[in-house]
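As structure tokens, the structure follows; a few thoughts come after it.
The values are calculated or read from the model by the stated rules, or taken from the named source; none is laboratory data. Remember, predicted model here, so these are calculated numbers, not experimental data. Positions of Cβ are backbone-derived with ideal geometry, glycine not excepted, and every protein chain shown enters the neighbour counts.
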Amino acid sequence: MVENQLTLFPLHKSSYKITQVIKRNGQIVAFDKEKITNAIFKAAVQVEGNDRELAVLLANQVIRKINKTYIDNTIPTVEEIQDLIEKVLIENGHARTAKAFILYRAERARIREKKELTVAAEDTIPYKLVWKVYSWNVDHACDSVEKLNASMENGLWKKLVSDSEKHYHEQIHRVAETLKKKIGQIKLMIVAGPSSSGKTTTTLKISESLKSKGISFVLMNLDNYFKSLEAHPKDKYGDYDFERPDALDIALINEDLNQLLKGKKIKMPLYDFKKGRRVGFSQELYLKKGEIILIDSLHGLHEELTQVVPKEQKFKFYIEAICQIKDKDGNFVRWTDLRLLRRMIRDSWQRGCDATKTVGHWHYVRRSEKRYIVPFISNADIVFNGSIPYELPVYKIMIEKKFPEIIEKYKKEPHKMDAFIRSQRVYKLLKSLKSFPNIDFIPKNSILREFIGGSIYNY
């Protein structure tokens, strides 16, 4: 064999006999050899392998088998291709890697089966809201990369910006109207949501809208209650897991909430993200008669965070960046990828964190979301969309050039496969977009300014 012979036959994309693949849900998508390479390399990493070049060569062999197995214009299924991956691994003497790959397939099948049986319970974002977001995008010709590109080219982007901002602010006012009806009963409004969903700006805007309706509030920013980074253990890569609820000083939060509800004054701490610790106090707060407390937090739906406040006195608002835009392959852009782009840009200028590190840390973000946020979305009184239809072309001009460096870095780190695959996918998306023509045209009060800078708000 085998591995020595593998180096003799480089493959060019033009030699691929198939160009499409049938996914398990029946959707036909473009064939991507990189996914085969990543699948092989992932399995190899599970058994302490670290040779990505060998994974590339084995992927070439898989493609040769595909070419021999299928006639022109045939479209194989994902399962059929995975069968050939197993065959190539075994034939080339990589039994342990093959076993890891087989076990991975079995586990994914088990998870899919469980999801299918419990879809009603797990579908925590209301389908009606997702459909409304998509319908709005269709009506405004921004539901796909192709249509966004067209708006960038034909000069319609200014109208898209105007319509998008107007729609977002209309939704804010509706939330305020709903809350207004509950004044007297509600003592605490919680704005929760995953990283970079737009919680802070949305909280500020809700507070503005409440104020315009004569409703007084006290804004309590829980980002200031993070524990110092030195209080968190590092993983073997020197990274911190500060995406957990216990990264916040839960005891102090509850103590301060209790004091506010009793009509007493508190000194809210001030957290410096660049230094990774508290640096004194930000301001003195107290609750006047008839006022409500307004907070935003990644883990706002986590019951322990506000356990001193009776449930009937809480109003829970959840925000997610529900990006209903299709990429060039016909797949909807992942909401988490949109939020990653937001955080990469924001972290680089606001928190002194390099974009490469943000991508490498994202597995902590996703793990925390799945464990501590997603299961509790159904407890929210309102679920809100924090995505803006025109934002992807904005991020293209701000961060695209950074991705080749990020991809190259994580390509060489076997235990950072998640970062490598994610950065490849997001880079492909950005490359397919036309650049936004004029960032100065983005309103200073836009939610996007929370991430790209230049906002009228102080964060």
Candidate set: segment 309-331, residues that are part of a strand (DSSP E or B) and among the hydrophobic types (A, V, I, L, M, F, W, C); chosen: the one nearest to residue 384 (Cα to Cα) = 319
Could you give me the residue pairs with C-beta distances under 6 Å whose first residue belongs to segment 45-73 and is in the same structural domain as residue 83 (by TED's automatic domain parsing), whose second residue is among the hydroxyl-bearing types (Ser, Thr, Tyr) wherever it lies, and which are 6+ apart or on separate chains?
-> 47/97; 55/37; 56/37; 59/37
How many residues does segment 273-299 hold that are over 16 Å from residue 257 (Cβ atoms) and either without any contact (Cβ under 8 Å) to a residue 12 or more places away in the chain or not in a strand (DSSP E or B) (or both)?
-> 9
Name every residue in segment 12-29 that is in a helix (DSSP H, G or I) and either modelled with pLDDT of 80 or more or touching a helix residue (DSSP H, G or I) at 6+ places or on another chain (Cβ under 8 Å) (or both), in order of residue number.
-> 13, 15
Quick one: would you say residue 434 is modelled with pLDDT of 95 or more, buried (at least 16 other Cβ atoms within 10 Å of the Cβ), among the basic types (Lys, Arg) and touching a helix residue (DSSP H, G or I) at 6+ places or on another chain (Cβ under 8 Å)?
-> yes
